[in-house]
Every structure is written in structure tokens, then in C-alpha cells.
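Read through the structure below, which is laid out as C-alpha cells, and then see the notes.
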Amino acid sequence: MPAVILLIFFLVMGVVIARHVFPDSGPVILSWAGIIFGMAGLMWGVALFAFFFGFTIWSHFLAALLMGGIAFLSAYIPSAKEAPDLRLRFSSPIRWTMFSFFSIVALLMVMRTFNLHKGGYYAGLPNFGDLPFHLGIITSIVEQKVFPPHFSIFSGVKMPY
């Protein structure tokens, strides 16, 4: 449950930042940008503090504090309404091109990632060996509680990437 609360906090802070960056945008753009900002803050904020404190609760707490601080300080930075040169403009052709591109990529990824076959889900070709490998890395990060983690396949070796 604490992980879900932390995720929701980062997503809400991402939407707060997105409302400042895209003040005239509708709920779809704000939601999309808020999710991007929130997930980036969660991933990179924890990784930043994990270099100093390991992959611990302190890294997560400090990342949440940083994200909350950025959201709070965004209220004091001139918004795109107040500083027209900072405004990001998305014309309709650009929006539809981006939406189409990302929709096609998402559809292809979903179709190739998990396939329903004979009453069960199977990993698609690109994930047959890659998915278990990365899930093993994620599990080892959680178990080791150090950052950068040791390579789970070769004990005692730092993660090569």
C-alpha cells in the first residue's frame, strides 16, 4: 500500500507541474504530461538519492520531498500565460501526428508483448528472454537495497548498464 500511495503522490505532483507548464491545455494533455512528469520524477528522483543512501525508504522519501518542492516552486516561476515565450505550442497537425505515432507504437508493443494463446498469456518474441532478465534485475535491486546494484547474473559485479 505505501508504494501505491507514493505512486499516486508523484502522479498528482506531476499534474500540478503540468498545469503550470501547459496552462491552456485540456484534461487529456494535462493528464498525459502529468503522468510523464510524475513517472520521471519517481524514477530519476529515487535513482538520484539511491546513489547516496542505497535503494531504501530514505531514497524514496527524499525523492518525494524533491518532487513536492519542485511542484511547490513551480507556482513561483512565471507560467506560460505570463511569459508567452515559454509557451509550448502544439498545432492540430502536430497533435494528431504525435497521437497517431504513439498509438501505433503502443498497439504494436501490446500486440508483441503478451499474446493470448490456448487459454493463457505468453510473452512475445522480443520479451521471451528479455522480460525475465529485466524482472530479475528489478527483483535484485529490491533485495540488495544498494544502488547501483550488483549484476544479478554475475555475483559481485556492478551492473554494467
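The values are calculated or read from the model by the stated rules, or taken from the named source; none is laboratory data. This structure is a prediction, so every number in the text was calculated from the model and none was measured. All Cβ positions, even for glycine, are placed from backbone atoms using ideal geometry, and neighbour counts span all protein chains on display. Ligands, DNA and RNA are stripped out before the accessible areas are found, and what is left, the full protein with its side chains, is counted by its heavy atoms. Shrake-Rupley method; radii C 1.70, N 1.55, O 1.52, S 1.80 Å.
Looking at the structure I just gave you, is Leu108 at pLDDT 75 or above and open to solvent by 100 Å² or more (accessible area, probe 1.4 Å)? Criteria not met by Leu108. Residues that are open to solvent by less than 40 Å² (accessible area, probe 1.4 Å) and part of a loop (DSSP other than H, G, I, E, B) were ranked within the range 57-80; the one that is modelled with the lowest pLDDT is Ala80. From the list Gly136, Gly119, the lone residue that is among the small types (Gly, Ala, Ser), modelled with pLDDT of 70 or more and more than 27 Å from His60 (Cα to Cα) is Gly119. Pairs meeting the criteria (first residue in the range 1-18 and under 12 Å from Leu42 (Cβ atoms), second residue open to solvent by less than 60 Å² (accessible area, probe 1.4 Å) and charged (D, E, K, R), beta carbons under 6 Å, at least 6 apart or on different chains) are lacking.
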